[in-house]
Amino acid sequence: MFLLQGAQMLQMLENSLRKSLPTSLKVYGTVFHMNQGNPFKLKALVDKWPDFNTVVIRPQEQEMTDDLDHYTNTYHIYSKDLKNCEEFLGLPEVINWKQHLQIQSSQSSLNEVIQKLAAAKSFNVQQTENILYMTLETIKELAPSLLDEKNLSLTDGKPKAIDQEQFQLSSLEPSHAALVNQLWQFGGNERSQRFIERCIRNFPSVCLLGPEGTPIAWSLMDQTGEMRMAGTKLEYRAQGLVTYVIFSHSQVLTKLGFPSYSHVDKRNKIMQKMSHTLNHLRMPCSWNQWNCVPL
């Protein structure tokens, strides 16, 4: 195991992961933001350096004080060799197999490795696999070989205008975390609310304020650089407001030079259609999350 320390090593890792997009996307995005100040205090582990097979991004031990908090106890993984990956993830200094934890990756091929390890460690595993999208601007910048004209929308990729007298574009405040938490598919509890608040404090967010001056639609970013947790209050749905928010959020991230990507549930046809309208391109790989709970 090798701990990558210092700006030069992490920049080398980012450059290497960029060559493996889109399958390295979740890890690439995480390392990119580690190189932008590392607000979540993450560390990068590889099996060897510089010609690594497997890279794991995880929090530092002092951050993982709650054994039940899988939002914090999250590992982001990219591997070129599944056998090597299995050996590496089995090391106690790489993954703390005594805690509730979460693994994320753009590689569904890791499922067999994770299931096998979890069985050996007496863990129950629940995999979630969703559709992975990257914005057109990010593809042009990072992976132009992924462009395929036939997959692009015939529109200009812009949402319909909103009533600017009724709605005001703004950003979320930490006090809005409870509202976001209520509607987040993976949230709804005290630990997820703390995670959301941390994301709001550390990363750019966008929301629309309604007539009462409170958020009615929003989009956040997590520690991997992914646009996540987007939502609209029930009474304001079917007006294209979240489309406007997600477009605005991606524009903010592009201006900052951040890679911009997201995922959509396989069953959510409305959000899939919205992604296509905004010229977010579906990736050949998928978004994967494994929730691991000790038996």
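Since every read-out is calculated from the coordinates, none of them should be taken as a lab result. Source: prediction; values computed, not measured. Backbone-built Cβ (ideal geometry, glycine too); neighbour counts: all protein chains shown.
Some points to look at:
- In the structure shown, the pairs Lys233/Lys266; Lys43/Lys121; Lys19/Lys43; Lys26/Lys83; Lys41/Lys83; Lys116/Lys233 are assessed against 32 Å; a Cα-Cα span above that value is assigned to Lys116/Lys233.
- For the chain, the relative contact order is 24 percent, taking Cα pairs closer than 8 Å that sit 6 or more residues apart in sequence and dividing their mean separation by the residue count.
- Look at the alpha carbon pairs under 8 Å that are at least 6 residues apart: their mean separation over the length of region 145-295 gives a relative contact order of 24 percent.
- What the Cβ-Cβ distance of Leu3 and Arg191 gives, at R0 = 35 Å and to the nearest 0.05, is a FRET efficiency of 0.80.
- Extension gain, Asp51 back to Ser171 (0.36 nm per residue minus Cα-Cα distance, nm): 39.1 nm
- Label point 7 Å beyond Cα of Gln36 along Cβ direction - residues of region 211-246 with amide nitrogen under 12 Å: 221-227
- The gain in end-to-end length when the Glu93 to Glu112 segment is fully stretched comes to 4.7 nm, 0.36 nm per residue minus the alpha carbon separation.
- Helix 190-202 axis, angle to the chain major axis (alpha carbon atoms, nearest 10°): 70
- Volume per residue of the C-alpha convex hull in region 157-278, rounded to whole Å³: 108
- For Ala161 and Arg267, a Förster radius of 30 Å and the Cβ-Cβ distance give a FRET efficiency of 0.55, rounded to the nearest 0.05.
- Projected label distance in nm at Leu82 and Thr214, using a 7 Å step from Cα toward the beta-carbon: 4.9
- Only helices enter the 222 nm calculation for the chain: every DSSP H run of n ≥ 4 contributes -39,500 (n - 2.57), and dividing by all residues gives -9000 deg cm²/dmol, rounded to 500.
- Gyration tensor (alpha-carbon) shape descriptor, region 16-104, a/c threshold 1.5: oblate
- Computed over region 2-131: relative contact order in percent, which uses C-alpha pairs under 8 Å that are six or more apart: 22
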